[in-house]
């Protein structure tokens with residue numbers, strides 16, 4: 001196995017798009033998806049065949065969870081649907097390249113903003 005950890009917390013490894021609110025949801029999703037495609041193409045060129053994809057960077061999710069709200073990493077707002085399933089997109093694109101994906105859950109990280117969200121004050 002030649003693997004890599006792909007951290008999404010604070011947008012460390014994906015996606016580096018700082019102005020989430022200045023674009024339409026559709027164009028934002030396209031930019032994010034293209035960033036993932038570019039990232040996976042680069043990893044494939046490096047010979048990486050396994051990605052540990054951080055799907056729960058904090059108290060939020062990068063998949064349509066029945067328990068956790070959507071991550072603000074995708075839209076800038078906790079609980080806002082990004083218009084696509086980032087985990088499914090990652091799985092589909094990685095598999096096209098013959099890569100395996102392991103979902104990486106961070107059970108501990110939790111920021112103050114999440115506390116306010118869960119208490120209903122945000």
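The values are calculated or read from the model by the stated rules, or taken from the named source; none is laboratory data. These numbers come from a predicted model, not from an experiment. Quick reminder, even Gly has a Cβ in these numbers, built from the backbone with ideal geometry, and neighbours come from all protein chains shown.
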Within the range 37-45, is there a residue that is surrounded by 15 or more Cβ atoms within 10 Å (Cβ to Cβ), at pLDDT below 90 and out of contact with any strand residue (DSSP E or B) (no Cβ under 9 Å at 6 or more places or on another chain)? no
Enumeration of residues in the range 46-70 that are assigned to a loop (DSSP other than H, G, I, E, B), over 16 Å from residue 93 (Cβ atoms) and in contact with a helix residue (DSSP H, G or I) (Cβ under 9 Å, 6 or more places away or on another chain): 57, 58, 59, 60, 64, 69
